[in-house]
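The values are calculated or read from the model by the stated rules, or taken from the named source; none is laboratory data. Here the structure is a predicted model, which means the values were calculated and not measured. No Cβ is skipped: glycine too gets one built from the backbone with ideal geometry, and neighbour counts run over all protein chains shown. Only protein heavy atoms, including side chains, enter the accessible area calculation; ligands, DNA and RNA are left aside. Shrake-Rupley method; radii C 1.70, N 1.55, O 1.52, S 1.80 Å.
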Amino acid sequence: MQNPATTQIPRAEHSISRADISENALKVLYRLKNAGYEAYLVGGGVRDLLLGRKPKDFDISTDATPEDVRKLFRNCRLIGRRFRLAHVHFGPEIIEVATFRGQHDGDQGDEGQIVNGMIVRDNVYGTLEEDAWRRDFSINSLYYNIADFAVIDFVGGVQDLKARQLRLIGDPVQRYREDPVRMLRAVRFAAKLDFNIEEKTEVPLTELGYLLEDVPPARLFEEILKLFLSGAGAQALELLRRYNLFGYLFPQTESEFNEDNGPVFLALVEHVLRNTDQRIAEDKSITPAFLLSAFLWGPVSALRCAYAKRGMSEQQTLAAAADKVISGQNQRVSMPRRFHPAIREIWNLQDRFAKRAPKRSLRLLKHPRFRAAYDFLLLRAEVGEVETELAQWWTDLYEADEDKQKDLLNQLGQGQRRRRRRKRKPE
Ligand code: ATP
Ligand code: MG
C-alpha cells in the first residue's frame, strides 16, 4: 500500500529529459526493464537533474538482486559487504545498481545487522516504497521511472527541493546513529547545493560528532575527499566547524586552530580550499596530497617547535613531527599510503625553499614535486606564515630565463654572505 502523501509527477510536469541522462545509465535502465524488472534512476542523478545541475554519477534502483543484475551484464562486478551492490562498468563510467532495501531490525541474520543502533550490514531487500524510506535525505529519495518517465516521491522530496532544504527522512537522531556518515553528507549537500538544513535535521549535528569515532577511518577518508573536493570545500569546512564535526575528523588540526598561531593556520586551510574550489570550477586537476599537507601543516609546525626546544636538528624535527602527525591522523581518517610520500615532500621542500642555496635552488626547480611545494609556499606567504619576499624570490627564479636565473643566484650569494656576517657579531 502506498503512503497517502505519495505523489507521481508525470513526464509532462517535470524537467528530466532522457537527453540529460548518460547513455550508459539509460542502457542499464532499459535492459533491466526489458528483462521484466522495475528500474529507476534515483539519488543524486534525479536530484541534480531536477535542480538543473549536471549529475556527478547515475545511481539505479531495482527489484533485481545483484546476482540477477550480474546475469544481465557481462561488464558487471558485485561489490561491498556492508551494502552489497552491482557496478556496471562502461570504460571509465560506472553505473551503480542497488536492489531495493527493506526495513530491518537487525534480526535478519547476517544480512541486516545493527550494533548499538548503527547499521553495520544493510542487505535486507524490500519494496520500492521501503527503499524510499530508508534513504538519507528526502531530496535524495526521488525515483525516475524508466517505464513511464514519471518521478515518484514518497517522502516529500520535491517540496524540499523547491524550498531548497535538506531534511532527513524519519527521526534525525536515530538516522544519524544508524549511520553517522549521514552527518557529513548533510554538510556536503548543504555546501554543494547551497541548501539550508531543516531545523530538526540540523540541531542534533552539534551534539553527535562523537558518533564519527565509530566509523571506520577508511570510510571517513572517502567522505572527506567528497566533502572537500565537491567544489564547495570552503563552505564545507565552515559548516563542519560550526557543527563541531571537524575536530572528529582532524583532531590535531582543530586543536591547533585554537592555539596562538591558530588564525594563520586556519587562514591557510581556508585559502587552500578556496583555491581548490576555484580549480574545480575551472576543470583543473587537484591532488588530495596537497590539501592534506595544508590541513596538517599547523600541527606539524607546532610539534617541530616543541621538538626543537628539546634540541633536535631542523631536519630531525620535521621527520619526527611528520611521523607523529601522519600516524595520529590515520587513526581518525586514514590517508592511503600512496599519499604519504607526496605530503612529506611538500613539507620537506618548504625547508629547502627557506635556505635559497645557489646551486641547490636550481636543482630544486627540477624536483618532481616542485610545483606543488611552490604553490604551497605561495599560500603560506599569502596568509603571512612566511615572508612574501621569499615567495617572490622563488617566483622570480621560476619564471626567469637562464641568464636572469644566474643574476638572481649571484645577488643571493652576496646578500647571504652579508647576512651571515652580521649574524655572527656578538650581541
Ligand atoms: P553525489 O552527487 O555525491 O553522487 P548522491 O546523493 O548520488 O550524491 P551517493 O553517495 O551516490 O550520493 O548515493 C546515492 C543515493 O544512495 C543517495 O542519493 C541516497 O538516496 C542513498 N544513500 C547514500 N548513502 C546513504 C546513507 N549513508 N544512508 C542512506 N541513504 C544513502
Ligand atoms: Mg550518486
(1) modelled with pLDDT of 95 or more; (2) aromatic (Phe, Trp, Tyr); (3) assigned to a loop (DSSP other than H, G, I, E, B); (4) within 15 Å of ligand 1 (Cβ to nearest atom) all hold for TYR37 apart from (4)
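This table checks each residue for (1) surrounded by fewer than 12 Cβ atoms within 10 Å (Cβ to Cβ); (2) in contact (Cβ under 8 Å) with a residue 24 or more places away in the chain; (3) of a type in the set (Phe, Trp, Tyr).
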| site | (1), (2), (3) |
| --- | --- |
| ASN348 | no, yes, no |
| ARG356 | no, yes, no |
| SER361 | no, yes, no |
| LEU364 | no, no, no |
| ALA381 | no, no, no |
| GLU389 | yes, no, no |
| GLN392 | no, no, no |
| ASP401 | yes, no, no |
Would you mind telling me which numbered condition in (1) open to solvent by 50 Å² or more (accessible area, probe 1.4 Å); (2) of a type in the set (A, V, I, L, M, F, W, C); (3) without any contact (Cβ under 8 Å) to a residue 24 or more places away in the chain CYS76 fails?
-> (1)
Are any residues in the range 98-151 more than 11 Å from ligand 1 (Cβ to nearest atom), closer than 30 Å to SER15 by Cβ and among the charged types (D, E, K, R), and if so, which ones?
-> GLU129, GLU130, ASP148
State whether one or more residues within the range 338-356 are farther than 23 Å from GLU223 by Cα and assigned to a loop (DSSP other than H, G, I, E, B).
-> yes
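Tally time: how many residues in the range 217-262 are outside any helix (DSSP H, G or I) and over 24 Å from GLY384 (Cβ atoms)?
Step one: of the range 217-262, the residues outside any helix (DSSP H, G or I) are 229-232, 243-245, 250, 258-261.
This time we only want the ones that are over 24 Å from GLY384 (Cβ atoms), so: 229-232, 243-245.
Selection size over the range 217-262: 7.
Restricting attention to the range 37-52, and to residues there that are within 17 Å of SER230 (Cβ to Cβ) and touching a residue at least 12 places away in the same chain (Cβ under 8 Å), which single residue is farthest from ligand 2 (Cβ to nearest atom)? Quick ask: steps written out before the conclusion?
Let us first name the residues in the range 37-52 that are within 17 Å of SER230 (Cβ to Cβ), namely 43-45, 47-48, 51.
From what's left, touching a residue at least 12 places away in the same chain (Cβ under 8 Å): 43-45, 47, 51.
Numbers: GLY43: 5, GLY44: 4, GLY45: 6, ARG47: 9, LEU51: 14 Å.
Filtering the range 37-52 for residues that are within 17 Å of SER230 (Cβ to Cβ) and touching a residue at least 12 places away in the same chain (Cβ under 8 Å), the one farthest from ligand 2 (Cβ to nearest atom) comes out as LEU51.
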